[in-house]
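Remarks on the structure that follows.
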Amino acid sequence: MDATVEFSFPTRVVFGPGSVGGLGDLCADLGITRPLVITDPGLVAVGIPDRITAPLAAASLPHCVFHDIQGNPVERNVLDATQAFVDHGADGVIGLGGGSALDVAKAVRLRATHDLPLEEYDEYVEGWKKTHADVPPMIAIATTAGTGSEVGRAAVITLESTGRKTVLFGPHLMPNVAVLDAELTVGLPPTLTAWTGMDALTHSLEAYLSPNFHPFCDAVALHGLRLCFEFLPGAYENGSDTAARGMMLLASAMGATAFQKGLGATHSLAHPLSTLHGIHHGLANAVMLPTVLDYNEEAASRRLADVAHAIGAEGTAAESIATLSARVNIPGSLSELGITEADLPALAEEAILDGCHLTNPRKVTVDDMLDMYRATL
């Protein structure tokens, strides 16, 4: 390497069953006295926020819960949550959920102290240069093992001006503390366990295949992949297996830590499937991943061999991933998700505008995007 590069792994992580019980102390550490809890309707329906608000009440911390968030969050969710932050007189944010709630929570931190339109903070126009450190403190509590948003510096929000998922990025958006409590993930439906788990796997895999130089991330990505292969089947088959679920929470956090190195074409292809057709992001990644691996084989054969070795594969990495996907009942085609040939051109046009493919190991054109969608149909 001739150029100077920088490496950073600063997130404080609190890991272990029952760790949310210390939430009052964590708020005190950060100077949070009036937290806004940001979560989603699904978690409210099953009472998960009660397990967060109880230690807040015990610590005599006035709090408010906001949960009007879509599965693929949009700008309106951020604006409404920011208004709730202001109305409560909040001085800190607690994000509780999967990527949607955690990303909205991070975007609220940005919106609370930054005045530019959200599109100005797009990673791919160097929006991070416009962010500054005076954002309210945040605790991120993960309830799924997939996005790893609890350790990330980005929030993925669909903006009104473009209708596209946009990566709002800045080092100051990283939560101050990430809480990984496997007890909060017990009972997550098998389908969501599979989809989010394959999302975590895709993060580590695409990060490792990215041509960017970051040996720390490479090491983290390979171990994250090992954890996914070892523990996702158990978490899928037994929703009460807290050991497997804890390891998948770690795998998720490791995948998100690793992908500061970059992602790839799988994510660019998956994002429009979510924004245009409402398909869960992890599911979209899982369905597109085999086709992208085929496309990348000629450019990433050595790294794919590293992956195969790391996960103890008897065959190729692609074969092992296909076997794992089948074991957790991932659909094998886009047609099974309701996508038709007529949908593909618009999907390809959106996918090429998504910046994740810029760190794919093999260059991608809009025609390549169309061909990969068609191969997955």
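The values are calculated or read from the model by the stated rules, or taken from the named source; none is laboratory data. Values in this document were obtained by computation on a predicted structure and should not be read as measured data. Positions of Cβ are generated from backbone atoms using ideal geometry, with glycine treated the same way; all protein chains shown enter the neighbour counts.
Among the residues making up the stretch 49-60, those that are outside any helix (DSSP H, G or I) and over 22 Å from the mean Cα position of the chain (by Cα) are 59, 60.
Rundown of residues vs (1) hydrophobic (A, V, I, L, M, F, W, C); (2) touching a His at 6+ places or on another chain (Cβ under 8 Å), yes/no style:
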residue: 36; (1), (2): yes, yes
residue: 47; (1), (2): no, no
residue: 56; (1), (2): yes, yes
residue: 73; (1), (2): no, no
residue: 80; (1), (2): no, no
residue: 99; (1), (2): no, yes
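In the stretch 126-156, of all residues being of a type in the set (D, E, K, R) and crowded, with 21+ Cβ neighbours inside 10 Å, the one that is nearest to the chain's Cα centre (by Cα) corresponds to 150.
Just one of the numbered conditions (1) modelled with pLDDT of 95 or more; (2) in a helix (DSSP H, G or I); (3) under 20 Å from residue 249 (Cβ atoms) is not true of residue 37; which one? Single failed check for residue 37: (2). If you filter the stretch 345-377 down to residues that are over 20 Å from residue 157 (Cβ atoms) and acidic (Asp, Glu), you find that the one that is surrounded by the most Cβ atoms within 10 Å (Cβ to Cβ) is 368. Take the residues of the stretch 333-361 that are closer than 25 Å to residue 299 by Cα and of a type in the set (Gly, Ala, Ser): which is nearest to the chain's Cα centre (by Cα)? Per the stated criteria, the residue is 355. Scanning the stretch 215-232 for residues that are surrounded by fewer than 17 Cβ atoms within 10 Å (Cβ to Cβ) and either touching a helix residue (DSSP H, G or I) at 6+ places or on another chain (Cβ under 8 Å) or closer than 19 Å to residue 265 by Cα (or both) returns 223, 230. Look at the stretch 35-57: where a residue is farther than 15 Å from residue 177 by Cβ and in the same structural domain as residue 73 (by TED's automatic domain parsing) and a partner is polar (S, T, N, Q) and assigned to a helix (DSSP H, G or I), sitting 6+ places away or on another chain with Cβ atoms under 8 Å, you get 40/100. Selection of helices (runs of 4 or more DSSP H) fully inside the stretch 281-355 by the criterion of at least 3 residues being aliphatic (A, V, I, L, M), within 22 Å of residue 98 (Cβ to Cβ) and out of contact with any strand residue (DSSP E or B) (no Cβ under 6 Å at 6 or more places or on another chain) returns 281-310.
Would you point out the residue of the stretch 259-281, among those that are under 23 Å from residue 124 (Cα atoms), small (Gly, Ala, Ser) and at pLDDT below 95, that is surrounded by the fewest Cβ atoms within 10 Å (Cβ to Cβ)? Residue satisfying both the conditions and the ranking: 274. Please find, among 212, 296, 285, 238, the residue that is in contact (Cβ under 8 Å) with a residue 60 or more places away in the chain and surrounded by fewer than 20 Cβ atoms within 10 Å (Cβ to Cβ). One residue alone meets the criteria, 212. Here is the figure for the stretch 170-209: residues that are assigned to a loop (DSSP other than H, G, I, E, B), surrounded by fewer than 24 Cβ atoms within 10 Å (Cβ to Cβ) and within 16 Å of the chain's Cα centre (by Cα) total 2.
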